Amino acid sequence: MVQDQNEGLKEVIKEDIWGSIKEFLSWGFHYGEGDRSVHITVGLLLLLITAFIVTSFLLKTIRQILTRKMEADDKLKFISVFKFIKYVVYVAVILLTMSAAGIDITILITASAALFVGLGLALQELFQDVIAGIFIIIDKSLQMGDIVDVNGKVGKVFEIKLRTTRAITRDDKVIIIPNHKFISDIIYNYTQNHKMTRERVAVGVAYGSDVQLVTKLLEEVAHEQKGVFKNPKPFVLFEDFGDSALLFSINFFTNDSFGDPKVKSSIRYAIDAKFRQHNVTIPFPQRDVHFYQHEPIDIASAAKKP
């Protein structure tokens, strides 16, 4: 008697309750038959939602574990990379869930192949920027505060994102640099290895000037200038014999690569003052012009012509 009741209860659960649940889960949109059929049901949607929730929880846990000992800047950079990885994982979860639910995803991939190719070509540069951004953030080839020279524009980096890097120029303008340029183009980073850089100021003096005196005056200017390191020691180079002048350069070291135009300007002011004080001339450009003519010019006839 008890056994019959148990079997009846099992049958009720199996046929009535579980059957109703299966019927509810299988309710939805059904298209096609056989291997090429597509079924979008309540059960599939619930499975996708569950997969998304579980995936989000796992990704969040992994992110917290990996970033718990990172500094604030590194943590922000890692989160930017992690967002890109998260989207890729979500797409993979959707495809795997649909495949596990019995949907042939090869049909979906085949039907979307042309679209994917078109998007890939259209967004090629965007993908390059994102991949380059990931490399920059992971290998730290670019840091906040680095001084970079991009196409002749010098700027100080103040923001690194997944797709672009932002820098402020010496005239307080913001330049937005696509990250792929740091991979494909030649870009000068003044402060990658250390903050100190070597700069130079060129000057020409008249032929016949005392070159030893010129060298001494330029060295004095460098030693007296604020913002110029005393060690390593500034030095002067006699660079060349120019068309109109003897060419010198004063080479010095500074840790303010971003503001070095001001330092160079102060040095030029000081050079001009020193040279005036010691009668050293900075010459104008000079050219010798020679006229060759077979017959002498008749000035009187030329003056009468209208």
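The values are calculated or read from the model by the stated rules, or taken from the named source; none is laboratory data. The structure presented is a predicted model; accordingly, all values stated were derived computationally and were not measured. Positions of Cβ are generated from backbone atoms using ideal geometry, with glycine treated the same way; all protein chains shown enter the neighbour counts.
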Within the range 136-190, restricting attention to residues that are in contact (Cβ under 8 Å) with a residue 60 or more places away in the chain and in contact with a Phe, Trp or Tyr (Cβ under 9 Å, 6 or more places away or on another chain), which residue is surrounded by the fewest Cβ atoms within 10 Å (Cβ to Cβ)?
Met144
Only one residue in Ser80, Ser99 is under 18 Å from the mean Cα position of the chain (by Cα) and either at pLDDT 65 or above or part of a loop (DSSP other than H, G, I, E, B) (or both), so which one is that?
Ser80
Looking at this structure, is Asp129 modelled with pLDDT under 75 and either acidic (Asp, Glu) or under 22 Å from Ile85 (Cβ atoms) (or both)?
no
